[in-house]
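Structure provided below as structure tokens; questions to follow.
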Amino acid sequence: MWTLNALASPTPDVALWQLDLDLETPWQVGYLRELADDEGARALRYVRSADRLRFVATRLSLRRLLGERLGCTPLDVGFVQREHGKPALAGGGLEFNVSHTGGHALIAISETQPVGVDIEVVKPARDTAALADKIYAPAELAWLAAQGDAVGDFYTIWSCKEAVLKAWGCGIAGHMARLSAVPGKDHRVVLTFDDAPQPDTQAWLLPVPEGHTAALAIGPARSPF
């Protein structure tokens, strides 16, 4: 089935969990009991059992964690979508974000600031060089030149960028090359947008299972554009 474990968070402003799934678990319709009707319908649209299980396990775990903090049942947690599709709590009060890939997912919850999280499976066959002009900022190219794993480093930067853009709630289209996310000391990520420093946003690389990359970002309430 799946297990949910609390992770050490790099910031006291965010609580963080890792969800580990056995994707060979036989599908059971009973998994849908604590989900809303639209979520159950979405789950059943997935053709592959593993995709259904990944969606249901992540959404159900999120509902349970939020319900604990809100003092309600998982099914009573209400969601809305913000302008660019980022899920949010109906009525506000907590900020959260999730990301899943393969047999793992990350869930982040904050009481103070917008949050973004991303986890990626490193895919060695991907042609990362062909994406360079669309993805990398100049400072990132300089960092990459000093590294030794072109594919792994691509996913490291991708995770950082996606976590930040999810925290900002703006989507990734058109913004990837404008945002520079360079890994620095103590797992922190140095951020600029259109070459301007972003002191109100913080990001960190996260320790994750081998063959993956992940990052966490928080703040601010408004993106820089």
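The values are calculated or read from the model by the stated rules, or taken from the named source; none is laboratory data. Just so it is clear, the model here is predicted, and its values are computed rather than measured. Note: ideal-geometry Cβ built from the backbone for every residue, glycine included; neighbour counts use all protein chains shown. Ligands, DNA and RNA are excluded from the accessible area calculation, which covers all protein heavy atoms including side chains. Shrake-Rupley method; radii C 1.70, N 1.55, O 1.52, S 1.80 Å.
Determine how many Å³ per residue the convex hull of the Cα atoms of the chain encloses.
133 Å³
Starting from the Cα gyration tensor of the range 91-225, take the square roots of the eigenvalues, sort them a ≥ b ≥ c, and report rounded, prolate or oblate (rounded when a/c is under 1.5, otherwise prolate if a/b is larger than b/c, else oblate).
It comes out oblate by the Cα gyration axes.
Can I ask one more? Run the helix sum for the chain: -39,500 (n - 2.57) per DSSP H stretch of 4+ residues, divided by residue count, reported at 222 nm to the nearest 500 deg cm²/dmol.
The helix-only estimate for the chain comes to -8500 deg cm²/dmol at 222 nm.
State whether the range 7-135 is rounded, prolate or oblate according to the following rule on the C-alpha gyration tensor (a ≥ b ≥ c being the square roots of its eigenvalues): a/c under 1.5 gives rounded; otherwise a/b larger than b/c gives prolate, and the remaining case gives oblate.
The shape class here is oblate.
Can you check how the C-alpha radius of gyration of the range 27-78 compares to 2.2 N^0.38 Å, as a plain ratio?
For the range 27-78, the normalised Cα radius of gyration comes out at 1.11.
Something else now. Determine the share of the chain's accessible area contributed by carbon and sulfur atoms, expressed in whole percent, with a 1.4 angstrom probe.
Answer for the chain is 52 percent, counting heavy atoms of protein chains only.
Apply the Karplus parameterisation 6.51 cos²θ - 1.76 cosθ + 1.60, with θ equal to phi minus 60°, to every residue of the range 69-74 and state each ³J(HN,Hα) to the nearest whole Hz, in sequence, with x for glycine and proline.
7, 8, x, 9, 6, x
Could you pull out every residue, at least 5 positions away or on a different chain, whose amide H is within less than 5 Å of the one on VAL115? Hs are placed 1.01 Å off N in the peptide plane, and Pro or chain starts have none.
Excluding prolines and chain starts, which carry no amide H, the hits are PHE96, GLY219.
Using unit Cβ charges (K, R positive; D, E negative) and no other charged atoms, how large, in debye to the nearest 20, is the dipole of the range 55-207 about its Cα centre?
Taking the Cα centre of the range 55-207 as origin, the dipole is about 400 debye.
I've got another one for you. Any idea of the accessible area per residue across the range 109-225, 1.4 Å probe, to the nearest Å²?
It amounts to 48 Å² per residue over the range 109-225.
Rounded, prolate or oblate: pick one for the range 114-190, where a ≥ b ≥ c are the square roots of the eigenvalues of its C-alpha gyration tensor, a/c under 1.5 means rounded, and failing that, prolate if a/b is larger than b/c, else oblate.
In terms of gyration-tensor shape, rounded.
Going through the range 1-76, which trypsin sites (Lys or Arg not before Pro) have at most 14 other Cβ atoms within 10 Å and a DSSP loop state?
Here the sparse-neighbourhood loop sites are ARG48.
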